[in-house]
Amino acid sequence: MELSPFFKSLGLRYPIFQGGMAWVADGKLAAAVSNAGGMGIIGAGHAPAEIVKHEIDVAKSLTDRPFGVNVMLLSPHVKDVVKVILEEKDSIALITTGAGNPSEYLESFKDADIRVIPVVPSTGMARLMEREGVDAVIAEGMESGGHIGRMTTMALVPQVVDSVDIPVIAAGGIGDGRGLAASLMLGAQGVQMGTRFLVATESHVHPKYKKAVLKAKDIDTLVTGNYAGHPARVLKNKMAVKFVRDEKNEAQKNDPDFSGVEELGNGSLRRAVLTGDNETGSYMAGEISGLVKKEEPAAQILAEVTSQAEHLLSGGFAY
Ligand code: TUI
């Protein structure tokens, strides 16, 4: 597939980023994606800076291809994570940001010659980021797993494309070549996929978590945090149902206090990834889970998605 100048300048073979999923996207997964010609991205999530540094070292040891790091802006460790990234500037091609506004860090990343590609949930945020000099934006719809905005991908992507002159990458609800082809039609230059890579062979998430994603149907996710704040899409399980019920009950009180429900959420993703705990763990995953039916190597995912999109874009019928 002919890539846009921006994707070519990143040295990629495929116009595909692997989402920087917290606790999931480690150095090994990122290196596998990068080695295969996509953009592998380490997810810093809530991890302390030493862990992020370790995963960067792992990626460096496994690939000579460009890779990135996702900075989760709600993390209490964000400043130290940024420091580690700046120290490792020669090895890191780009950073993506999530769950907030990265303005205060832009200058230092620019000075270090690291490209910055924030996730934006709206055209307003996309325009603000463009004015502040970011290199591209990821327009992510609420079909995504994890922390989400309010717009759908189908509506958000073309509006962001029309709002800015920098490259747009589509994310949220994209899991195969149809999603890639559709995103290009909407004006995006490429896509970011999370859930599809979560079940890649090289992903270390606990087998119970992977199995739950592979088994999930279209309607098997729900959104926690609609009342407590920081909405996040997860697979429906006991913990998620309890979270949603408790936060709704709390919201109906005169003086709601969400600290109890927030306590339920603390560490729940890490537990799910490491131990497969389905009782108190959060299986973050996107609405595309119902489409993701097999575990396969990252290289195969990239090749399959791109060749299906090429077939469709050249006038072929869906298969
Ligand atoms: O960041 C993500 N996905 C994530 S972060 C994460 S860790 C977490 N877990 C529970 C609660 C909160 C975080 C798990 N998944 N995706 C990128 C993303 N960013 N989606 C939406 C946004 C976003 C939302 C608002 C970006 C900017 C924004 O701006 C608001 C502002 O600060 O102006």
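A few points about this structure:
- Here the range 77-195 was treated as a single set of alpha-carbon atoms; its pair distances binned every 10 Å from 0 give 14, 45, 32, 9 percent.
- Cα convex hull of the range 182-319 - mean projected area over all directions, nm²: 9.9
- The largest-to-smallest principal axis extents of the Cα set in the chain are 54, 47, 39 Å.
- Averaging 1/r over every pair of different alpha carbons in the range 211-292 and inverting the result gives a Kirkwood radius of 13.0 Å.
- Computed [θ] at 222 nm, helices only, for the chain once each DSSP H run of length n ≥ 4 contributes -39500 (n - 2.57): -12000 deg cm²/dmol
- Both numbers refer to the Cα atoms of the range 64-133; Rg and Dmax are 11.7, 37 Å.
- Equivalent ellipsoid, the range 1-80 (semi-axes from 5 times Cα gyration tensor eigenvalues, Å): 23, 13, 9
- For the range 267-313, the spherically averaged projection of the C-alpha convex hull amounts to 4.6 nm².
- Quotient of Cα Rg and 2.2 N^0.38 Å for the range 137-211, N being how many residues it contains: 1.17
- Mean accessible surface per residue for the range 27-175, computed with a 1.4 Å probe while every protein chain stays in place, in Å²: 39
- Placed amide H near Met142: partners under 5 Å, 5+ positions off or other chain: Met151, Thr152, Thr153
The values are calculated or read from the model by the stated rules, or taken from the named source; none is laboratory data. Since the model is a prediction, treat every value here as computed from it, not as a measurement. Please note that ligands, DNA and RNA were not included when accessible areas were found on the heavy atoms of the full protein model with its side chains. Shrake-Rupley method; radii C 1.70, N 1.55, O 1.52, S 1.80 Å.
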